[in-house]
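Structure first, commentary second.
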Amino acid sequence: MQVEPTSTDASMASSGFLNDELHVGGHRSTAIQAVMINRPRQALYAFWREFRNLPLFMANVRSVSDDGRRWTIAGPGGVDVELETEITEDRPGEKIAWRSTEEADIDHEGWVEFRDNPFGRGTEVRVMISYDPPAGVVGKLVAKVMQREPRIQARRELRRFKQLMETGEVSTSQAPAAAPRG
């Protein structure tokens, strides 16, 4: 009898797709992405929960206030966008969820979830981002063309988070600012 090997890949059939309470996502642009990171769940949660760390791996995030309420992100055309958020759920070591406040420039919501891999091989990190792009369908198209669409951003940010947590740095193909030019 041949036994099929068990996959350790993160399941993309997120419970968020199956349970409307977990995945509100009532916005025009929504994405859920997942990655497996070879670090303990609590360490990953603690790093993410220190909101000032987010710009270290989120390329479009310029800054986040200590309490996580005010975000400055790079918008299209080099214009920064201010986001005002509130934490809607915070389960230490497991999940952080947020949504925009009335003062936010962009209506958005999201969550990040940390789950132990059942085979003891690190932590599955899932992210859901949902927002209404400025200018509606045109804004969504512009965001996609400029590589700022939630699905693309979430995938890249999770990849950078994985690199930072496993190796201590985020690899890039850009030359350092002090590198000599030919």
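Computed from the coordinates by the stated procedures, all read-outs in this text should not be read as laboratory data. Since we're looking at a predicted model, the values are computed, not measured. Glycine also receives a Cβ, built like all others from the backbone with ideal geometry; neighbour counts cover every protein chain displayed.
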| task | List the residues whose amide H sits under 5 Å from the amide H of THR101, counting only those 5 or more places along or on another chain, with H placed 1.01 Å from N in the peptide plane. | result | GLU84, THR85, GLU86
| query | Label ARG62 and SER171 with points 7 Å out from Cα along Cα→Cβ: what is the distance between them in nm? | reply | 3.1 nm
